[in-house]
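A.B. asks: Sharing a structure with you now.
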Amino acid sequence: METQQPGSQPSIMEREIGEQPAAVEKTIKGCAAEAESLGKDIRARDITCVMIAARGSSDNAGVYAKYIFQAFNGLPVAMATPSLFTFHHTPPRLASMLVLGISQSGQSEDIVEVLAEARRQGALTAAITADPASPLAAQANHVLQLQTGTEKAVAATKTYTSSLAAIALISASLGQDGKRKDALGRLPGQAERTIAGAAPIAIARAERYRYMSRCVVISRGFCYGTAMEIALKLKELTYVTAEPYSSADFQHGPMAIIEPGFPVILISPSGAMLAYMAEFARGLKERAAEIISISDDREMLKLGTTALPVPQGVPEWLSPVLTVIPGQLLALNLALAKGIDPDVPRGLRKVTVTR
C-alpha cells in the first residue's frame with residue numbers, strides 16, 4: 001500500500017492500516033480460548049442483557065456489538081452512561097448483566113469505574129483491550145487482549161478492526177456456532193484484498209475532495225457503527241465536518257441538507273439491507289448528491305461518483321470489519337492531499353483519559 005510520494009517514508013498510520021489483516025488474525029486466534037470461557041460463563045449465569053462501556057472508536061465498536069449480540073444471541077444491549085457512575089453516583093442495577101468494557105488503552109477512568117461498579121454489584125465483567133495490565137483489565141473477569149502490538153498512530157485503525165473481530169468472536173463462541181467461526185477465519189485474507197483493492201482508488205480520488213468542508217456518512221444495520229467510525233476518522237485527520245447517520249434517521253429531516261454536489265459516503269454491503277440502501281442511493285442521485293460508495297455490490301458501486309470496493313462473499317454480519325478500511329484509506333489520503341500530517345492531528349493525543 002503506497003500513499004506517499006516516491007522516496008518518502010510512509011506514515012505510521014499507513015503502516016498500521018496495512019498491519020490490520022495480521023492483527024485481526026492474531027486477535028481471533030489469541031482470544032479464542034477466552035471467548036469460549038466467557039461464552040460458557042454467560043450461559044451458566046443465564047445473562048439476559050449486556051451493558052457496554054466505551055469511548056471514541058471503541059464506542060463505535062460497541063455499536064457493532066449492539067447489533068451482533070441482539071441479532072445472533074438474543075441479548076438486549078445498552079450503552080453505559082459513565083457520568084452516572086463518576087459524577088452523579090447513581091449507577092443502575094447491573095447484577096444480572098454482562099458489563100463489557102472496550103478500550104484500546106484501558107486507561108479511561110470513567111470506563112474503568114463502570115466495570116468497577118459492576119464488580120461491586122456482582123455482575124459478570126469482561127474487557128477488550130490491547131493492555132492486559134491496564135486498570136480496565138484489572139476490573140474484568142475475562143480479558144480479551146487485542147493482538148495488535150503497540151498502535152502508535154493517534155487515529156485508531158488496527159485496534160478498531162481487531163475489536164470488531166473480538167466482538168464477533170464472543171458472539172460466535174456464545175452461540176457455539178462453528179460456521180460463524182469458520183467465517184471469522186477467512187477475514188484476514190479478505191482484509192488483505194480490501195486494502196489491495198481500495199488503496200489505489202483512495203490515493204487517486206483524494207485530490208477530488210481536497211476542498212470538501214462537510215459531508216455525511218450513512219449506513220444502516222451492522223455497518224451503522226462503520227459510518228460513525230469513518231466520520232470520526234475524517235474529523236480527526238482532515239478536520240472535515242463529517243456527520244454519521246442511519247439512512248432511516250437521515251430521511252427524518254437531515255435529507256434537507258442535500259444539494260447538488262453534496263458529498264455522501266454510503267456504506268452498503270450485500271445482505272438484508274442492500275435493496276433498501278440501493279433505493280436510498282437512487283434518491284440521493286435524483287438530488288444530484290456526490291456519492292462515495294463503499295460496497296461489494298457492483299450496482300451500488302456504479303451509483304457512486306467514487307467507488308471503493310470490498311470483496312464479495314463476506315457475510316453481512318462481518319462486513320463492518322472490511323467496510324471501515326476504505327474509509328480509513330480515504331481519510332488518510334485526504335489528509336495527505338490537504339498537507340496534514342495524519343500522525344499528528346491537531347489537539348489530539350494517543351491516550352485520552354476521561355472522567
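The values are calculated or read from the model by the stated rules, or taken from the named source; none is laboratory data. Here the structure is a predicted model, which is why all the values come from computation and not from measurement. For neighbour counting, all protein chains shown are included, and Cβ atoms are generated from backbone atoms with ideal geometry for every residue, glycine included.
A.B. asks: Listed residues Gly221, Gly253, Gly178; which is closer than 30 Å to His142 by Cα, among the small types (Gly, Ala, Ser) and loosely packed, with under 14 Cβ neighbours inside 10 Å?
C.D. replies: Gly178
A.B. asks: Determine whether the stretch 270-288 contains at least one residue that is farther than 18 Å from Ala248 by Cα and of a type outside the set (Lys, Arg).
C.D. replies: Yes: the stretch 270-288 contains one or more residues that are farther than 18 Å from Ala248 by Cα and of a type outside the set (Lys, Arg).
Let's see how each residue does on (1) of a type in the set (D, E, K, R); (2) assigned to a loop (DSSP other than H, G, I, E, B); (3) in contact with a His (Cβ under 9 Å, 6 or more places away or on another chain):
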residue	(1), (2), (3)
Ser105	no, yes, no
Val114	no, no, no
Gln147	no, yes, no
Lys152	yes, yes, no
Leu164	no, no, no
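A.B. asks: Is the stretch 124-134 home to any residue that is over 22 Å from the mean Cα position of the chain (by Cα), part of a helix (DSSP H, G or I), buried (at least 18 other Cβ atoms within 10 Å of the Cβ) and hydrophobic (A, V, I, L, M, F, W, C)?
C.D. replies: No, the stretch 124-134 contains no residue that is over 22 Å from the mean Cα position of the chain (by Cα), part of a helix (DSSP H, G or I), buried (at least 18 other Cβ atoms within 10 Å of the Cβ) and hydrophobic (A, V, I, L, M, F, W, C).
A.B. asks: Any residue in the stretch 224-238 that's assigned to a helix (DSSP H, G or I) and among the small types (Gly, Ala, Ser): show its pairings with residues that are at pLDDT below 95 and crowded, with 24+ Cβ neighbours inside 10 Å at Cβ separation under 6 Å, as long as the two are six or more apart or on different chains.
C.D. replies: If the second residue must be at pLDDT below 95 and crowded, with 24+ Cβ neighbours inside 10 Å, no pairs are left.
A.B. asks: Mind listing whichever residues of the stretch 19-78 are polar (S, T, N, Q) and either assigned to a helix (DSSP H, G or I) or touching a His at 6+ places or on another chain (Cβ under 8 Å) (or both)?
C.D. replies: Gln20, Thr27, Ser37, Ser57, Ser58, Asn60, Gln70, Asn73
A.B. asks: Something else: When the residues of the stretch 187-200 are narrowed to those that are of a type outside the set (A, V, I, L, M, F, W, C) and in contact (Cβ under 8 Å) with a residue 12 or more places away in the chain, which ends up surrounded by the fewest Cβ atoms within 10 Å (Cβ to Cβ)?
C.D. replies: Across the stretch 187-200, the extreme among qualifying residues is Gly189.
A.B. asks: Condition test on Leu332, is it in contact with a Pro (Cβ under 9 Å, 6 or more places away or on another chain), closer than 28 Å to Pro10 by Cα and in a helix (DSSP H, G or I)?
C.D. replies: Taking the combined requirement at face value, the residue satisfies it.
A.B. asks: Filter the stretch 1-42 for residues that are over 30 Å from Arg180 (Cβ atoms) and buried (at least 20 other Cβ atoms within 10 Å of the Cβ); which is modelled with the lowest pLDDT?
C.D. replies: Thr3
A.B. asks: Considering only the stretch 212-219, I want to know if a residue exists there that is small (Gly, Ala, Ser), without any contact (Cβ under 8 Å) to a residue 12 or more places away in the chain and assigned by TED's automatic domain parsing to the domain that holds Leu322.
C.D. replies: No, the stretch 212-219 contains no residue that is small (Gly, Ala, Ser), without any contact (Cβ under 8 Å) to a residue 12 or more places away in the chain and assigned by TED's automatic domain parsing to the domain that holds Leu322.
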